[in-house]
Every structure is written in structure tokens, then in C-alpha cells.
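Below is one structure; the comments refer to it alone.
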Amino acid sequence: MTDKTHLVKRGSDGAYWNATMRAFTTVPAYGTPFNEKRAREIVDDHNAMLGLPELRSVAITSEADTPPAPAVSAPEAEKDEQNPKDAQGIKKAPLRLVPPALMLYVSKVMELGAAKYGAYNFREKAVRHSIYIEAAMRHLMALQDGQPLDPESGQPHEAHVAACMGIILDARSLGKLVDDLPPAGAAAAIIDSMTKKD
């Protein structure tokens, strides 16, 4: 229970939204004018019946701040077969699952790259796979060895790694990725052999 609640006037029916109790508090249209003192008295009466502590302050805000009606839950929305846009949208790439933080941090790294080499320079000429793999590995090593931020960009090393992978994926999608990695080795098999089995 917090020490402050917000009562928001809903309309002319004398009901106010009590954000702390998450319910509407009915205020008679007659009697004491509705002000902070009266609001505290009303809420404290309700809280007393519920065994909750008294409030130290009450804020009264406008109807515009009234909490909106709850949205339909995702499971319920997925069951709705009446919306043709939903039927098509769920077949496409689930971009909602990509954390916005990833795009935000990577955008700052890409901004630095654009200033140094030109925006989308990696689409103008072919991209060597090994160059970006090694760049990502250097950022990972710096991170692992105790340096959280790249000294040049001031951004997390993880964002630089993600930027490198993004350029590789973009180049591959456009047929501009030069496969200059060494012949396949046994690293994947060694990792699997060293993985503890249940």
C-alpha cells in the first residue's frame, strides 16, 4: 500500500478512480465539496473497512488521466478469427520478439560507422566474412577482460558485436558476403564432446 493515491473524476455520476485501490470511489453530488481533504476522508473510510493504513496525501487529477480499459489479452486476441489483418500478420516475421534495446544500442554503433566510412558502405562493396568475425571477437575479448564500453564509441561492446553480425547477415542476404573463412574444422564437435551430459 502506498502513501499516496490518485482519484480521477470519471464524469458527472460522482465516481472517482482510486488508482491505489484500483477501483472507483463514489462521491455524492451533494455535501462537502470534493477537495484533497474530502478525498482523503473518503479513501480512508474505504481503507479502514479493508484494514489498510491511512493515507498521508491524495492527488486529484483530471478525467484525461483516467486509466484506459484493459486491452484484450494476447491469448484471447489470437483466438479472434474475425480480424483479417491479424490472420496475415501472425504469418510474418515476429519483430515484437526483438528487444528494442538491441536496435537502440546498435543504432549508435552504426552511426559511428556511418560517420567514419559512410552509411551502408557495406552494401557498396563485398564484405569479407573473416573481417567482421574477428572484429566481433575483439569486442568480446575486451568485454570478457573487464572493459564494458568501447572507448571510441562509448557504447557497450555487445552492441558492436551485434552490429558486426548485422552487417554479415545483410551482406549474405544480398550475395555480397565473401566466404573467406578457413576450411571447416572440428570446433563444433569438440564443444559438443566437452558439454556435460545429463
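The values are calculated or read from the model by the stated rules, or taken from the named source; none is laboratory data. All of these numbers come straight from a predicted model, not from anything done at the bench. Neighbour counts are summed over all protein chains in view; Cβ atoms, including those assigned to glycine, are modelled from backbone coordinates with ideal geometry.
Out of curiosity, is Ala93 at pLDDT 95 or above and out of contact with any Lys or Arg (no Cβ under 6 Å at 6 or more places or on another chain)? Considered against the rule, which asks whether it is at pLDDT 95 or above and out of contact with any Lys or Arg (no Cβ under 6 Å at 6 or more places or on another chain), Ala93 comes out as no. Applying the condition of being in a helix (DSSP H, G or I) and among the small types (Gly, Ala, Ser) to region 131-163 and asking which residue is farthest from Leu177 (Cα to Cα) yields Ala142. Per this entry, Ala186 is counted among residues that are surrounded by fewer than 16 Cβ atoms within 10 Å (Cβ to Cβ), outside the structural domain of Gly113 (by TED's automatic domain parsing) and more than 21 Å from Val98 (Cβ to Cβ). With respect to the conditions (1) exposed (fewer than 10 other Cβ atoms within 10 Å of the Cβ); (2) of a type in the set (S, T, N, Q); (3) not in a helix (DSSP H, G or I), Ser193 falls short on a single one, namely (3). Assessment of region 86-96 against the conditions (surrounded by 10 or more Cβ atoms within 10 Å (Cβ to Cβ) and within 14 Å of Gly166 (Cβ to Cβ)) yields no matching residue. Name every residue in region 110-130 that is within 23 Å of Val178 (Cα to Cα) and either surrounded by 15 or more Cβ atoms within 10 Å (Cβ to Cβ) or in contact (Cβ under 8 Å) with a residue 12 or more places away in the chain (or both), in order of residue number. Matches in region 110-130: Met110, Gly113, Phe122, Arg123, Lys125, Ala126, Val127, Arg128, His129, Ser130.
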